[in-house]
1. Roughly how many percent of the accessible protein surface of the chain is carbon and sulfur, given a 1.4 Å probe and a whole-percent answer?
2. P(r) of the stretch 173-232 in 10 Å steps, Cα pairs, percent per bin?
3. Subtracting the Cα-Cα distance from 0.36 nm times the residue separation, let me have the gained length for GLU222 to VAL35 in nm, one decimal.
4. Given points 7 Å out from each Cα along the Cα-Cβ axis, report the LYS52 to ILE107 separation in nanometres with one decimal.
5. Mind scanning LYS52/LYS115; LYS217/LYS237; LYS62/LYS210 and naming the pairs with a C-alpha gap bigger than 27 Å?
6. Give a residue-ordered list of calculated ³J(HN,Hα) values for the stretch 106-117 (Karplus: 6.51 cos²θ - 1.76 cosθ + 1.60, θ = phi - 60°; whole Hz; x for Gly, Pro).
7. Could you work out the percent of alpha carbon pairs in the stretch 192-281 separated by over 19 Å, rounded to a whole number?
8. The stretch 68-180: Rg/Rh from Cα coordinates, Kirkwood Rh?
Amino acid sequence: MSSLLYIHEHLQCKNYLSDDRCAFSQYRLITGEHVNIHSLNQYLFIFVLSGKLEVTDEDGHKFLMEAARMYSFGHNPAIFVNPLEDSGIIILTFDRPQILCDEFNLIGLKKYLPKEDLPLRSLPFIEQIFSFMNTMQMYLDNKMLCKHLQGIKQSEFFFLMRGFYTKEENAMFFYPIIERNNSFRALVKEKANDVETVKDLAEACNMTTKTFTRKFKETFKETPKQWLLTRKKLQVKLDVLRADNLKELQGKAGFSSYAHLNEYCIKQFDKSIKELRDSED
């Protein structure tokens, strides 16, 4: 394969993006090498080119991602990815969609939305998406990271979605963009990172605890207390598995000592910290 010519000229251009900022980026993941992806204040789509991966979302739900499928994770997601096989993925992140097609109105798809958001939004690759991914991979392999090209390719993706997937499939896949006006769900997930109690979370959302609890149950279909406990349990597990130095976890999430954290792990997971880490190797 030919390499990108005059790379120094591209690097000097103000519109050239570094790998960690570009709208499209690719990862080659090795079996068992856990990866944490947090798309801060952006939408996240993942295209699985090869392999198989297990994903845990911030609510503790586990999903299987398989080759030749694409996945929509919504706005501001934090996911924990565990490759079950050596895998190749391309991710697309953006704060707002770049759609150059005048006829593709996402809001107009609202009447095709499913009654409830699905825990996992996924569609299979079709021939046109395979071709699109092959071209995108070529650009990324050759470090063609111009922001203008990235924007064009993002718009091309929306063209392909409108042209070759049904309105129902588009509504399902783009649910988070269409329903972005559901600001309560987004607000709760944003504020939950800085609080520990339901009262604190309600205050952060500028609501009384009673009003907040009622609205939370309507939106999340569970109590805010149970949601916070489940969220903490998942976060502790992820922190324990990812930490290079367990001393860094002391004082985090209310744990005053290693013994305190170890006691929590035994109670919640029936495993000590060491047993929990060893079980994931």
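1. Details: 7750 of 15770 Å².
Looking at the chain in its full context, I get 49 percent from C and S.
2. That works out to 22, 56, 20, 2, in percent per bin.
3. Between GLU222 and VAL35, full extension yields 64.5 nm more.
4. Label at LYS52, label at ILE107, 4.3 nm between them.
5. Among LYS52/LYS115; LYS217/LYS237; LYS62/LYS210, the Cα-Cα distance tops 27 Å for LYS52/LYS115; LYS62/LYS210.
6. 4, 4, x, 7, 4, 5, 9, 5, x, 4, 9, 4
7. Working: 1841 of 4005 pairs.
Here the tail beyond 19 Å accounts for 46 percent of pairs.
8. 0.95
The values are calculated or read from the model by the stated rules, or taken from the named source; none is laboratory data. As the structure is a computational prediction, the values presented were derived from the model and not from experiment. Note that we place each Cβ from the backbone using ideal geometry, even for glycine, and neighbour counts take in every protein chain shown. Please note that ligands, DNA and RNA were not included when accessible areas were found on the heavy atoms of the full protein model with its side chains. Shrake-Rupley method; radii C 1.70, N 1.55, O 1.52, S 1.80 Å.
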